[in-house]
Amino acid sequence: MATLNGFSMRFAISRVCLQGGVLSTLPWCLVVDDLLARLSGNGVFIQGYTEDVSLLMVGTFPNTVSRLVQWALLTVETRCNKVRLSVNPDKTGLTLTRKRKLLGFFEPQFFGVKLSILGSVKYLGVILNTRLTCRKHADVKMRKAHNLLWACRRACGVSWGLKPKVVHWLYITVVQSTISFASLVWWPGCQTPSAKKRLNKVQRLAFLGITGAIRTTPTGVMEALTGLPLLDLLIQGEARSAAHRLWSLGCWSYLHPNQGHSCTLTRLQKSEPIFNMGVDVMKPVFNLDLKYKVTMLTREEQTQRTWDSCG
(Lines give C-alpha, C1' and ligand atoms only; values in the text may rest on other atoms or scores of the structure.)
Protein backbone atom coordinates (compact mmCIF):
# COMPACT_ATOMS: atom_id res chain seq x y z
CA MET A 1 0.00 0.00 0.00
CA ALA A 2 1.30 3.47 -0.96
CA THR A 3 0.09 6.75 0.54
CA LEU A 4 0.74 10.28 -0.71
CA ASN A 5 -1.01 13.45 0.51
CA GLY A 6 -3.82 11.50 2.12
CA PHE A 7 -4.46 9.43 -0.99
CA SER A 8 -3.84 5.69 -0.56
CA MET A 9 -3.58 2.94 -3.14
CA ARG A 10 -3.37 -0.77 -2.41
CA PHE A 11 -1.90 -3.38 -4.75
CA ALA A 12 -2.35 -7.13 -4.40
CA ILE A 13 -0.54 -9.88 -6.31
CA SER A 14 -3.03 -12.67 -6.91
CA ARG A 15 -1.23 -15.22 -9.06
CA VAL A 16 2.49 -15.10 -9.89
CA CYS A 17 5.68 -13.13 -9.25
CA LEU A 18 6.98 -12.01 -12.64
CA GLN A 19 10.70 -12.23 -13.21
CA GLY A 20 12.66 -9.13 -14.12
CA GLY A 21 10.30 -6.65 -12.48
CA VAL A 22 11.03 -4.17 -9.74
CA LEU A 23 8.49 -5.68 -7.33
CA SER A 24 9.19 -9.32 -8.20
CA THR A 25 11.91 -9.76 -5.57
CA LEU A 26 9.89 -8.30 -2.69
CA PRO A 27 6.91 -10.73 -2.85
CA TRP A 28 9.31 -13.63 -3.34
CA CYS A 29 11.30 -12.67 -0.24
CA LEU A 30 8.11 -12.30 1.79
CA VAL A 31 7.03 -15.81 0.80
CA VAL A 32 10.36 -17.60 1.15
CA ASP A 33 11.65 -15.85 4.27
CA ASP A 34 9.20 -17.64 6.55
CA LEU A 35 10.11 -20.97 4.92
CA LEU A 36 13.81 -20.38 5.51
CA ALA A 37 13.14 -19.61 9.17
CA ARG A 38 11.04 -22.75 9.67
CA LEU A 39 13.54 -25.19 8.22
CA SER A 40 16.75 -23.66 9.56
CA GLY A 41 18.15 -25.25 12.72
CA ASN A 42 16.13 -28.49 12.50
CA GLY A 43 18.81 -30.67 10.97
CA VAL A 44 18.34 -28.97 7.61
CA PHE A 45 20.62 -26.40 6.00
CA ILE A 46 18.58 -24.32 3.56
CA GLN A 47 19.97 -21.73 1.19
CA GLY A 48 18.00 -19.55 -1.20
CA TYR A 49 19.23 -17.45 -4.09
CA THR A 50 16.69 -15.69 -6.34
CA GLU A 51 14.14 -18.38 -7.24
CA ASP A 52 16.45 -21.34 -6.52
CA VAL A 53 16.37 -23.02 -3.10
CA SER A 54 18.67 -25.83 -1.98
CA LEU A 55 18.24 -28.17 0.99
CA LEU A 56 21.15 -30.01 2.59
CA MET A 57 20.71 -32.82 5.12
CA VAL A 58 23.57 -34.66 6.83
CA GLY A 59 23.23 -37.94 8.68
CA THR A 60 24.87 -41.27 9.46
CA PHE A 61 22.01 -43.65 8.69
CA PRO A 62 20.22 -43.56 5.29
CA ASN A 63 16.74 -44.16 6.75
CA THR A 64 17.17 -41.21 9.13
CA VAL A 65 18.26 -38.96 6.29
CA SER A 66 15.37 -40.08 4.10
CA ARG A 67 12.82 -39.28 6.81
CA LEU A 68 14.44 -35.88 7.30
CA VAL A 69 14.26 -35.21 3.56
CA GLN A 70 10.60 -36.20 3.45
CA TRP A 71 9.78 -33.93 6.41
CA ALA A 72 11.55 -30.97 4.81
CA LEU A 73 9.78 -31.48 1.47
CA LEU A 74 6.44 -31.83 3.24
CA THR A 75 7.09 -28.55 5.05
CA VAL A 76 7.87 -26.85 1.75
CA GLU A 77 4.76 -28.32 0.15
CA THR A 78 2.54 -27.18 3.03
CA ARG A 79 3.94 -23.66 2.91
CA CYS A 80 3.51 -23.44 -0.86
CA ASN A 81 -0.12 -24.59 -0.65
CA LYS A 82 -0.80 -22.02 2.06
CA VAL A 83 0.51 -19.06 0.05
CA ARG A 84 -0.67 -20.48 -3.30
CA LEU A 85 2.83 -20.89 -4.67
CA SER A 86 3.38 -23.53 -7.33
CA VAL A 87 6.59 -25.53 -7.53
CA ASN A 88 7.48 -27.82 -10.41
CA PRO A 89 8.57 -31.18 -8.94
CA ASP A 90 9.99 -32.24 -12.31
CA LYS A 91 12.66 -29.53 -11.93
CA THR A 92 13.56 -30.70 -8.42
CA GLY A 93 16.77 -32.75 -8.26
CA LEU A 94 17.86 -35.18 -5.54
CA THR A 95 21.37 -36.52 -5.13
CA LEU A 96 23.32 -38.28 -2.38
CA THR A 97 26.98 -37.97 -1.46
CA ARG A 98 28.17 -41.16 0.17
CA LYS A 99 31.24 -43.33 0.59
CA ARG A 100 29.52 -46.64 1.23
CA LYS A 101 26.79 -48.62 -0.47
CA LEU A 102 23.36 -47.09 -0.05
CA LEU A 103 20.95 -49.24 1.99
CA GLY A 104 17.65 -48.28 3.61
CA PHE A 105 17.08 -45.00 1.78
CA PHE A 106 13.58 -44.57 0.34
CA GLU A 107 12.79 -42.05 -2.36
CA PRO A 108 10.71 -39.13 -1.00
CA GLN A 109 7.63 -37.64 -2.63
CA PHE A 110 7.13 -34.00 -3.53
CA PHE A 111 3.71 -32.77 -4.67
CA GLY A 112 2.70 -36.36 -5.41
CA VAL A 113 5.78 -37.09 -7.53
CA LYS A 114 8.43 -39.54 -6.38
CA LEU A 115 11.88 -37.98 -6.65
CA SER A 116 14.47 -40.26 -8.18
CA ILE A 117 18.10 -40.20 -7.08
CA LEU A 118 20.21 -38.51 -9.74
CA GLY A 119 23.90 -38.88 -10.39
CA SER A 120 24.36 -35.11 -10.42
CA VAL A 121 22.38 -31.92 -9.87
CA LYS A 122 22.93 -28.37 -11.06
CA TYR A 123 22.62 -25.43 -8.68
CA LEU A 124 23.52 -21.86 -9.59
CA GLY A 125 25.44 -23.01 -12.62
CA VAL A 126 27.58 -25.59 -10.75
CA ILE A 127 27.13 -29.32 -11.39
CA LEU A 128 27.51 -31.40 -8.22
CA ASN A 129 27.89 -35.17 -8.50
CA THR A 130 27.69 -37.88 -5.86
CA ARG A 131 31.46 -37.89 -5.21
CA LEU A 132 31.83 -34.10 -5.27
CA THR A 133 34.77 -34.42 -7.66
CA CYS A 134 33.47 -31.68 -10.00
CA ARG A 135 34.92 -33.51 -13.00
CA LYS A 136 31.60 -33.42 -14.84
CA HIS A 137 31.31 -29.70 -14.23
CA ALA A 138 34.87 -29.17 -15.50
CA ASP A 139 34.07 -31.17 -18.66
CA VAL A 140 30.94 -29.09 -19.30
CA LYS A 141 32.84 -25.84 -18.77
CA MET A 142 35.65 -26.82 -21.13
CA ARG A 143 33.17 -27.98 -23.78
CA LYS A 144 31.28 -24.70 -23.50
CA ALA A 145 34.48 -22.66 -23.75
CA HIS A 146 35.51 -24.65 -26.81
CA ASN A 147 32.16 -23.96 -28.50
CA LEU A 148 32.44 -20.25 -27.70
CA LEU A 149 35.89 -20.08 -29.22
CA TRP A 150 34.73 -21.82 -32.39
CA ALA A 151 31.88 -19.33 -32.62
CA CYS A 152 34.47 -16.55 -32.50
CA ARG A 153 36.74 -18.35 -34.96
CA ARG A 154 33.97 -18.43 -37.57
CA ALA A 155 34.11 -14.64 -37.62
CA CYS A 156 37.86 -14.34 -38.20
CA GLY A 157 40.69 -15.97 -40.13
CA VAL A 158 44.40 -15.52 -40.71
CA SER A 159 43.99 -12.65 -43.16
CA TRP A 160 40.34 -11.61 -42.76
CA GLY A 161 37.68 -11.02 -40.12
CA LEU A 162 37.97 -9.50 -36.69
CA LYS A 163 41.09 -7.70 -35.58
CA PRO A 164 43.42 -9.46 -33.11
CA LYS A 165 42.59 -6.82 -30.49
CA VAL A 166 38.88 -7.67 -30.75
CA VAL A 167 39.52 -11.42 -30.55
CA HIS A 168 41.72 -10.85 -27.50
CA TRP A 169 38.93 -8.83 -25.87
CA LEU A 170 36.34 -11.54 -26.63
CA TYR A 171 38.58 -14.21 -25.13
CA ILE A 172 39.21 -12.22 -21.93
CA THR A 173 35.63 -11.02 -21.51
CA VAL A 174 33.59 -14.01 -22.63
CA VAL A 175 35.63 -17.21 -22.53
CA GLN A 176 37.76 -16.64 -19.44
CA SER A 177 34.81 -15.25 -17.47
CA THR A 178 32.69 -18.24 -18.42
CA ILE A 179 35.23 -20.89 -17.60
CA SER A 180 36.34 -19.31 -14.29
CA PHE A 181 32.81 -18.85 -12.92
CA ALA A 182 32.49 -20.38 -9.41
CA SER A 183 36.09 -21.61 -9.67
CA LEU A 184 36.36 -21.72 -5.86
CA VAL A 185 34.03 -24.73 -5.85
CA TRP A 186 35.27 -26.77 -8.79
CA TRP A 187 38.96 -25.86 -9.17
CA PRO A 188 40.18 -29.35 -8.07
CA GLY A 189 38.42 -30.79 -11.12
CA CYS A 190 40.86 -29.08 -13.49
CA GLN A 191 44.07 -30.20 -11.78
CA THR A 192 44.30 -33.64 -13.40
CA PRO A 193 46.69 -34.10 -16.36
CA SER A 194 43.81 -34.85 -18.74
CA ALA A 195 41.93 -31.70 -17.68
CA LYS A 196 45.04 -29.55 -18.09
CA LYS A 197 45.57 -31.00 -21.55
CA ARG A 198 42.03 -30.10 -22.58
CA LEU A 199 42.42 -26.60 -21.16
CA ASN A 200 45.61 -26.15 -23.15
CA LYS A 201 43.73 -27.13 -26.33
CA VAL A 202 41.09 -24.52 -25.61
CA GLN A 203 43.70 -21.84 -24.98
CA ARG A 204 45.71 -22.80 -28.05
CA LEU A 205 42.64 -22.21 -30.20
CA ALA A 206 42.35 -18.73 -28.67
CA PHE A 207 46.06 -18.05 -29.30
CA LEU A 208 45.67 -18.89 -32.98
CA GLY A 209 42.77 -16.48 -33.29
CA ILE A 210 44.56 -13.66 -31.47
CA THR A 211 47.97 -13.90 -33.14
CA GLY A 212 46.92 -15.19 -36.57
CA ALA A 213 49.82 -17.66 -36.47
CA ILE A 214 50.01 -20.88 -38.48
CA ARG A 215 48.89 -24.14 -36.89
CA THR A 216 52.42 -25.46 -36.34
CA THR A 217 53.38 -22.55 -34.06
CA PRO A 218 54.31 -23.80 -30.56
CA THR A 219 51.84 -22.95 -27.80
CA GLY A 220 54.58 -21.63 -25.51
CA VAL A 221 55.63 -19.05 -28.10
CA MET A 222 52.08 -17.75 -28.53
CA GLU A 223 51.66 -17.68 -24.77
CA ALA A 224 54.75 -15.48 -24.43
CA LEU A 225 53.55 -13.18 -27.22
CA THR A 226 50.06 -12.65 -25.79
CA GLY A 227 51.09 -12.58 -22.12
CA LEU A 228 48.06 -14.66 -21.08
CA PRO A 229 48.38 -17.14 -18.19
CA LEU A 230 47.47 -20.78 -18.50
CA LEU A 231 43.82 -21.54 -17.84
CA ASP A 232 44.50 -23.94 -14.97
CA LEU A 233 46.62 -21.26 -13.26
CA LEU A 234 43.93 -18.66 -13.94
CA ILE A 235 41.27 -20.86 -12.32
CA GLN A 236 43.48 -21.45 -9.27
CA GLY A 237 44.13 -17.72 -8.98
CA GLU A 238 40.43 -16.88 -9.11
CA ALA A 239 39.70 -19.55 -6.49
CA ARG A 240 42.41 -18.24 -4.14
CA SER A 241 41.22 -14.67 -4.59
CA ALA A 242 37.65 -15.65 -3.71
CA ALA A 243 38.78 -17.71 -0.72
CA HIS A 244 40.88 -14.85 0.66
CA ARG A 245 37.99 -12.42 0.18
CA LEU A 246 35.59 -14.70 2.09
CA TRP A 247 38.18 -15.22 4.82
CA SER A 248 38.63 -11.45 5.16
CA LEU A 249 34.86 -11.00 5.54
CA GLY A 250 34.64 -13.73 8.19
CA CYS A 251 32.55 -16.01 5.95
CA TRP A 252 35.08 -18.84 5.54
CA SER A 253 34.42 -22.23 7.11
CA TYR A 254 37.27 -24.21 8.69
CA LEU A 255 35.38 -27.51 8.80
CA HIS A 256 37.82 -29.32 6.44
CA PRO A 257 40.70 -26.90 5.78
CA ASN A 258 42.95 -29.53 4.16
CA GLN A 259 40.42 -31.34 1.99
CA GLY A 260 38.74 -30.63 -1.32
CA HIS A 261 38.33 -27.08 -2.52
CA SER A 262 38.85 -25.69 1.01
CA CYS A 263 42.57 -26.43 0.94
CA THR A 264 43.22 -23.56 -1.46
CA LEU A 265 43.21 -21.03 1.39
CA THR A 266 45.52 -23.19 3.51
CA ARG A 267 47.99 -23.51 0.64
CA LEU A 268 47.82 -19.76 -0.04
CA GLN A 269 48.50 -18.78 3.57
CA LYS A 270 51.35 -21.30 3.90
CA SER A 271 53.06 -20.23 0.68
CA GLU A 272 52.56 -16.48 1.29
CA PRO A 273 52.32 -15.60 5.02
CA ILE A 274 51.32 -12.06 4.12
CA PHE A 275 47.83 -13.36 3.34
CA ASN A 276 47.40 -14.18 7.06
CA MET A 277 47.18 -10.47 7.76
CA GLY A 278 43.91 -8.60 7.91
CA VAL A 279 42.84 -6.45 5.00
CA ASP A 280 40.91 -3.22 4.73
CA VAL A 281 37.59 -4.91 3.96
CA MET A 282 34.37 -4.18 5.81
CA LYS A 283 31.41 -6.51 5.85
CA PRO A 284 28.24 -4.65 4.85
CA VAL A 285 25.60 -4.33 7.57
CA PHE A 286 22.02 -3.49 6.73
CA ASN A 287 20.32 -1.06 9.11
CA LEU A 288 16.61 -1.06 8.36
CA ASP A 289 15.66 1.31 11.22
CA LEU A 290 15.21 4.71 9.59
CA LYS A 291 16.34 7.67 11.69
CA TYR A 292 14.68 10.22 9.46
CA LYS A 293 11.28 11.08 8.03
CA VAL A 294 10.43 12.07 4.48
CA THR A 295 7.70 14.70 4.04
CA MET A 296 6.16 15.21 0.61
CA LEU A 297 4.75 18.72 0.22
CA THR A 298 2.00 19.68 -2.17
CA ARG A 299 2.53 22.31 -4.84
CA GLU A 300 0.58 24.92 -2.83
CA GLU A 301 2.57 24.27 0.35
CA GLN A 302 5.85 24.44 -1.54
CA THR A 303 4.81 27.73 -3.18
CA GLN A 304 3.75 29.20 0.17
CA ARG A 305 7.07 28.26 1.79
CA THR A 306 8.93 29.83 -1.12
CA TRP A 307 7.05 33.13 -0.72
CA ASP A 308 7.55 33.09 3.06
CA SER A 309 11.30 32.64 2.64
CA CYS A 310 11.45 35.46 0.09
CA GLY A 311 9.39 37.78 2.29
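Listing for the model above:
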| quantity | calculated |
| --- | --- |
| Given (1) 16.0; (2) 14.5; (3) 27.2, the label whose value is mean projected area of the Cα convex hull in nm² derived from this model | (3) |
| Whole-number accessible area per residue in Å² for the chain, which is evaluated in the context of all protein chains at 1.4 Å | 70 Å² |
| Under 23 Å from Lys291, Cα to Cα: lysines that are on another chain or at least 8 residues apart | Lys283 |
| Whole-percent pair-distance distribution, where bins are 5 Å wide, for the alpha carbons of segment 203-311 | 2, 9, 12, 10, 7, 7, 8, 9, 6, 5, 4, 5, 6, 6, 3, 1, 0, 0 |
| Separation between Cα centres of segment 289-305 and segment 81-152, rounded to whole Å | 53 Å |
| Volume of the Cα convex hull of segment 127-210, divided per residue and given in Å³ | 75 Å³ |
| Segment 128-280: C-alpha gyration tensor shape, a/c 1.5 cut-off, then a/b vs b/c | prolate |
| Accessible area of the chain belonging to carbon and sulfur atoms, whole % at 1.4 Å probe | 59 percent |
| Lys pairs, segment 109-229 - Cα-Cα below 24 angstrom, 8 or more residues apart or on other chains | 19 |
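The values are calculated or read from the model by the stated rules, or taken from the named source; none is laboratory data. Keep in mind that what you see is a predicted model, and the values were worked out from it rather than measured. Accessible surface is based on the protein model in full, side chains and every heavy atom, while ligands, DNA and RNA are left aside. Shrake-Rupley method; radii C 1.70, N 1.55, O 1.52, S 1.80 Å.
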